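Let me begin by presenting the structure, written as structure tokens, before commenting on it.
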Amino acid sequence: MGEQGPQARLTLAWLNEYACVLLRMPGATLIIDPVGVKPAQVGKVDAVLITHEHYDHLDTNLVSAIQSKTGCLVVADPTSSGLLARSIPGDKLITVEPGSQVSVGEAKIYVEECNHPPARTPVTFLVESGGLKVYHTADSLPFDRMADIGAAHKPDITFCTVGIAPGASPRTGVEIAKLVRPKVAIPYHTARKSDLELFSTLLSREAPEIKCVILEKGQEFSYP
């Protein structure tokens, strides 16, 4: 059994300049949108989660290599799942859409909407394990239902897109944080440190009760 209650901790790392996040939860280890990393960096995981089919979120060869090495599940949106179907065993590939729920180890994965019009069937993931909750927003722009997601789940940590994706900026990232109201907001999906810093400045001015954590590539962050 994983840790429960006030002693439960999670460790996470942001591994590239996009949305690749390694989550070591009390009851499961997950990697989301692995691109530009080596399977050895990822290590043993229980599942790979894919939000959509774009090159900076889905590398079919890498996902296949991780799955083959670890025997893990692959949880993907319908478009990405179609692209992975030839390389991932059928009993290991789970296709999800907004409203889906999946259990991996002791983790529950809630699949939510994603406001990223260039993608065909994008999703976001709310992961809960050991009483801790992380919301990975892919490269979504803010949308009204994020307030409902935040109110329903009360995430401890939310990843907020601040660059690269069309329309995304430190400002839209702050709007995500203000809608979801997590305890900790982590800016990501940018190659520019100035984007991360501007997000932090705006957030501290407009929602000072939300803590901002800026991560370096590969830096581990433990919570709480």
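The values are calculated or read from the model by the stated rules, or taken from the named source; none is laboratory data. Keep in mind it's a predicted model, so treat the numbers as computed, not measured. As a convention, Cβ positions derive from the backbone with ideal geometry for all residues, glycine included, and neighbour counts pool all protein chains shown. Surface accessibility is based on the protein's heavy atoms, side chains included, excluding ligands, DNA and RNA. Shrake-Rupley method; radii C 1.70, N 1.55, O 1.52, S 1.80 Å.
Counting every pair of alpha carbons in the stretch 9-93, the share spaced more than 18 Å apart comes to 33 percent.
Among the DSSP beta bridges whose two residues both lie in the stretch 1-85, what percent are antiparallel, rounded to the nearest 5? Once the DSSP bridges in the stretch 1-85 are tallied, antiparallel ones form about 55 percent.
Annotation: the antiparallel percentage among DSSP beta bridges lying fully within the chain is about 55.
The residue list VAL213, GLY99, ASN115 was ranked by how far each Cα lies along the charge dipole of the chain toward its positive end, using unit charges on Cβ atoms, and VAL213 comes out on top. Sorted largest first by accessible area at a 1.4 angstrom probe radius, with every protein chain in place, the residues THR121, THR70 fall in the order THR121, THR70.
To the nearest 0.05, what FRET efficiency results for ARG120 and SER222 with a Förster distance of 41 Å applied to their C-beta separation? About 0.70, to the nearest 0.05. A viscosity of 0.692 mPa s and a temperature of 37 °C, combined with the Kirkwood radius over Cα pairs in Stokes-Einstein, give a translational diffusion coefficient for the stretch 96-215 of 232 µm²/s. Size check on the stretch 165-206: the Cα extents along the three principal axes, sorted descending, read 24, 19, 14 Å. Its alpha carbons considered, the chain gives a radius of gyration followed by a Dmax of 15.9, 49 Å. Here the label points at GLU97 and GLN41, each 7 Å from Cα along the C-beta direction, are separated by 3.3 nm in the simple model. Over all pairs of different C-alpha atoms in the stretch 64-131, the reciprocal of the mean inverse distance, the Kirkwood hydrodynamic radius, equals 12.8 Å. With both residues required to sit in the stretch 92-164, DSSP beta bridges show an antiparallel share near 85%.
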